[in-house]
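Below is one structure, written out as structure tokens; the observations come after it.
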Amino acid sequence: MSDTLTRLAEVLEARKGAAPDSSYVASLYHKGLNKILEKVGEESVETILAAKDAALSGDPRDLIYETADLWFHSLVMLAALDQHPQAVLDELDRRFGLSGHAEKAARPQT
């Protein structure tokens with residue numbers, strides 16, 4: 001599973017220096033972090049709506065499609081901030097086997 005994330009991270013990194021008109025990702029980088037964050041928010045809402053529709057219809061196709069868009073734009077966000085998806089996988093791995101309540105209680109208070 002992480003091989004796909006690694007390959008995608010490599011492509012996203014390569015697109016950072018590309019001309020804005022050469023790819024969708026390059027155009028997002030050119031527009032800046034606020035535009036990337038806007039796309040993450042938009043895809044989050046679309047994923048939520050697709051989940052509600054899937055619960056009613058029993059058809060998960062749109063949910064899968066929208067979740068892929070959300071993950072993709074989240075990866076663009078991470079790359080824009082010079083973070084690799086492996087850091088997220090490492091954090092999920094760290095949490096594996098922990099109680100969600102215990103993990104939340106152990107977080108630093110902000």
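Taking helices (runs of 4 or more DSSP H) that do not extend beyond the stretch 1-95, which have at least 1 residues that are in contact with a helix residue (DSSP H, G or I) (Cβ under 6 Å, 6 or more places away or on another chain) and basic (Lys, Arg)?
Qualifying helices (runs of 4 or more DSSP H): 2-15, 33-57, 85-95.
Looking at the stretch 86-110, I want the residues that are without any contact (Cβ under 8 Å) to a residue 40 or more places away in the chain and of a type in the set (Lys, Arg) and have a partner that is assigned to a helix (DSSP H, G or I) and surrounded by 10 or more Cβ atoms within 10 Å (Cβ to Cβ) with Cβ atoms under 9 Å, at least 6 apart or on another chain. Which pairs are those?
ARG94/GLU103; ARG95/GLU103
Looking only at residues that are of a type in the set (A, V, I, L, M, F, W, C) and either open to solvent by 40 Å² or more (accessible area, probe 1.4 Å) or in contact with a Cys (Cβ under 9 Å, 6 or more places away or on another chain) (or both) in the stretch 63-77, which one is nearest to ILE48 (Cα to Cα)?
Per the stated criteria, the residue is LEU63.
Got a number for residues in the stretch 96-110 being exposed (fewer than 11 other Cβ atoms within 10 Å of the Cβ) and part of a loop (DSSP other than H, G, I, E, B)?
7
The values are calculated or read from the model by the stated rules, or taken from the named source; none is laboratory data. From a predicted model like this one, the values you see are computed outputs, not experimental measurements. Positions of Cβ are generated from backbone atoms using ideal geometry, with glycine treated the same way; all protein chains shown enter the neighbour counts. Accessible surface is based on the protein model in full, side chains and every heavy atom, while ligands, DNA and RNA are left aside. Shrake-Rupley method; radii C 1.70, N 1.55, O 1.52, S 1.80 Å.
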